[in-house]
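What follows draws every value from the coordinates through simple rules; no lab data is involved. All of these numbers come straight from a predicted model, not from anything done at the bench. Every residue, glycine as well, gets a Cβ built from its backbone with ideal geometry; the counts of neighbours run over all protein chains shown.
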Amino acid sequence: MTLSLEGTVALVTGASSGIGEATAVALAEEGAAVALAARRRDRLEALAARITGNGGKALVIEADVTDRQQAQGAVETTVAELGRLDTLVNNAGVMLLGPLVGAPVEEWEQMVHLNLLGLLYCTHAALPHLLSAAEGQPREVADVVNVSSVAGRVARRNSGVYNATKFGVGAFSESLRQEVATRHVRVTIIEPGATATELASHNRREILEEMAANFGGIALMTAGDIANSVRYAVTQPRHVAVNEILIRPTEQER
């Protein structure tokens, strides 16, 4: 049986844990060679061993995508080592919540640098390769998948700058989609609701307590649930583009 992504190459940022890790595994299961980009090399190497142990192909790239040269380098290393680039998954991100009044501005800068600039740097570097891949075999289509959030659709108290970065991801994604649609590069945004990953763990204690009160009584999604939405989008036939997936736990009201 021919796998959906056999003969293709994917680059996943933020691949050392959570949604990025699960997405890398899912794409490898579909036959893609996967470049794993993140800062934590030890975790990437463990993931690469897991993928190769299951018969897949994985490349470890230690990189901080908030640094433009490192983001570009991750793309170029992927192409140099694996031969091409068909799928870019911009997953790396950080969520630091809290009141805007008196907020640590450094947290705002961290979110803007990673959630927006890192995504922009990687996409800019990847686009020439994605456009080239879409012109030929094996699939004659390429994909950009940007992991956003429910916070990219609805602004809420104590989430202002995180909202701003994720709204920005949505606006950028739609503009890019319109620009490259006729060249068969598909652009998808994935907007998860409450998911059990490390994302929330970087918040201050009082924020974690508030989040526990808001979501403690519902069954959260897993990273694998979100990875399956990415898998669904990128394995569609060439003439089908899944532009947006909003995915929430059944019990999450907003």
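Any chance you could give the angle, 0 to 90 degrees and rounded to 10, that helix 223-234 forms with the longest Cα principal axis of the chain?
The angle comes out at about 40 degrees.
How do VAL240, VAL75, VAL60 line up, fewest other C-beta atoms within 10 Å first?
VAL240, VAL60, VAL75
Hey, what number do you get for the chain at 222 nm if only DSSP H runs of n ≥ 4 count, each worth -39500 (n - 2.57), divided across all residues, to the nearest 500?
Value at 222 nm, helices only: -13500 deg cm²/dmol.
Quick one: what are the phi-derived ³J(HN,Hα) couplings along the stretch 62-76, Karplus 6.51/-1.76/1.60 with θ = phi - 60°, whole Hz, x for glycine and proline?
7, 7, 9, 6, 6, 8, 4, 5, 5, 4, 4, x, 4, 5, 5
Please compute, over every Cα-Cα pair in the stretch 21-77, the percentage with a separation greater than 19 angstrom.
27
Express in nm, to one decimal, how much length is gained between SER132 and ARG157 on full extension, taking 0.36 nm for each residue of separation and deducting their alpha carbon distance.
So the extension gain works out to 4.7 nm.
Which value does Rg/Rh take for the chain over its C-alpha atoms, Rh per Kirkwood?
0.96
What is the extension gain from ALA46 to VAL101, computed as 0.36 nm multiplied by their sequence separation minus the C-alpha to C-alpha distance, in nm to one decimal?
The ALA46-VAL101 span can extend by a further 15.7 nm.
Residue by residue through the stretch 162-172, what is 3J(HN,Hα) from phi via Karplus (6.51 cos²θ - 1.76 cosθ + 1.60, θ = phi - 60°)? Round to whole Hz and write x for glycine and proline.
Computed from phi, the couplings for the stretch 162-172 are 4, 4, 4, 5, 6, 4, x, 4, x, 5, 4 Hz.
If r is the Cβ-Cβ distance from GLN178 to LEU3 and R0 is 41 Å, what FRET efficiency results, to the nearest 0.05?
Calculated value: 0.85.
In sequence order, what are the phi-derived ³J(HN,Hα) couplings for the stretch 143-152 according to the Karplus relation 6.51 cos²θ - 1.76 cosθ + 1.60 with θ = phi - 60°, rounded to whole Hz, with x for glycine and proline?
Those phi angles translate into 9, 10, 10, 10, 7, 9, 5, 3, 5, x Hz.
How high is the relative contact order of the stretch 9-247, in percent, with contacts defined as C-alpha pairs under 8 Å that are six or more residues apart?
Worked out over the stretch 9-247, it gives 20 percent.
On a 0 to 90 degree scale, rounded to 10, what angle separates helix 205-215 from the longest Cα axis of the chain?
Value to nearest ten degrees: 80.
Return one number: the angle in degrees, 0 to 90 and rounded to the nearest 10, between the long axis of the Cα atoms of helix 119-133 and the longest principal axis of the Cα atoms of the chain.
Between the helix axis and the principal axis of the chain, the angle is about 20 degrees.
Could you list which residues have their amide H under 5 Å from that of LEU246, counting only those 5 or more apart in sequence or on another chain, with H placed in the peptide plane?
Long-range HN contacts for LEU246: GLU191.
I need THR182, THR165 ordered by Cβ neighbour count within 10 Å, fewest first.
In increasing order of surrounding Cβ atoms, one gets THR182, THR165.
Near the amide H of ALA58, under 5 Å away, which other amide H atoms are found, from residues 5 or more places off or on another chain, if H is placed in the peptide plane?
Distant-sequence amide H within range of ALA58: VAL34.
Which whole-percent values make up P(r) of the stretch 128-201 when all C-alpha to C-alpha distances are grouped in 5 Å steps starting at zero?
Calculated over all Cα pairs of the stretch 128-201, the distribution is 3, 15, 21, 19, 14, 11, 10, 5, 2, 0 percent.
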